[in-house]
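K.L.:
I'd like to ask you about the structure that follows.
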Amino acid sequence: MKRLFPKVADNNFPGYRAAYYFFILFMVINTIRSFIHFLAEDAGLNSIANIIVFEGTPDPNKVIYLFGSLWGEMQILCCLISWVVIFRYKSLIPFMYLVWLLEWLLRVTLISYMHGLDSVYKMGSTPGADYAPLVTVLLIIFFMLSLKEKSK
């Protein structure tokens, strides 16, 4: 628990270097995808996630894209916090792993069960859904490595 919730948030990371470098790689990818969701005209929902364009009056896509963009905005803010941790408070990396792990774990379990999108894909499923189980497993592995003190 001391590694997950350190008494002092400093720039020391006692975990395995692989966990540190994987977290950086994970954040680069997350930051890029977050900006795509935030800035793309369709929030990346049609062009990347293969979700169909809905018909109707008024145009329902405007609301869908708004929520996709807001989701991207929240991802950017979470990425910003993670980048601050990487550069200034490395001792909090295990905690950030936990936060991201919970987000991805809920995505592949509860959220996909409650709000599955199988009927709205136009050509296959979304890359986020396809790779989410793999990302979740990787996050579990590197989360555990971030908690474990490297041997000296």
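The values are calculated or read from the model by the stated rules, or taken from the named source; none is laboratory data. Just so you know, these numbers come straight off a predicted model, no measurement behind them. We place every Cβ from the backbone using ideal geometry, glycine too, and count neighbours over all the protein chains shown. For the accessible areas, the whole protein counts, side chains as well, though only heavy atoms, and no ligand, DNA or RNA atoms are used. Shrake-Rupley method; radii C 1.70, N 1.55, O 1.52, S 1.80 Å.
K.L.:
From the set of residues in segment 23-80 that are within 11 Å of the chain's Cα centre (by Cα) and of a type in the set (Ser, Thr, Tyr), which is modelled with the highest pLDDT?
P.N.:
Per the criteria, the residue is Thr31.
K.L.:
Take segment 1-21 and flag every residue that is open to solvent by less than 50 Å² (accessible area, probe 1.4 Å), farther than 23 Å from Thr136 by Cβ and in contact with a helix residue (DSSP H, G or I) (Cβ under 7 Å, 6 or more places away or on another chain).
P.N.:
Scanning segment 1-21 gives Pro6, Ala9.
K.L.:
Scan segment 1-21 for residues that are of a type in the set (Ser, Thr, Tyr) and in contact (Cβ under 8 Å) with a residue 40 or more places away in the chain and jot them down.
P.N.:
Tyr16, Tyr20
K.L.:
Would you call Pro94 at pLDDT below 95 and in a helix (DSSP H, G or I)?
P.N.:
No; evaluated as a whole, the condition is false for this residue.
K.L.:
Looking at Ile36, Ile24, Ile64, Ile29 in this structure, which one is assigned to a helix (DSSP H, G or I), without any contact (Cβ under 8 Å) to a residue 24 or more places away in the chain, out of contact with any strand residue (DSSP E or B) (no Cβ under 7 Å at 6 or more places or on another chain) and open to solvent by less than 80 Å² (accessible area, probe 1.4 Å)?
P.N.:
Result: Ile64 is the single residue among Ile36, Ile24, Ile64, Ile29 that is assigned to a helix (DSSP H, G or I), without any contact (Cβ under 8 Å) to a residue 24 or more places away in the chain, out of contact with any strand residue (DSSP E or B) (no Cβ under 7 Å at 6 or more places or on another chain) and open to solvent by less than 80 Å² (accessible area, probe 1.4 Å).
K.L.:
Could you pull out the residue among Ala19, Ala49 that is aliphatic (A, V, I, L, M) and in a loop (DSSP other than H, G, I, E, B)?
P.N.:
Sole residue among the options that is aliphatic (A, V, I, L, M) and in a loop (DSSP other than H, G, I, E, B): Ala49.
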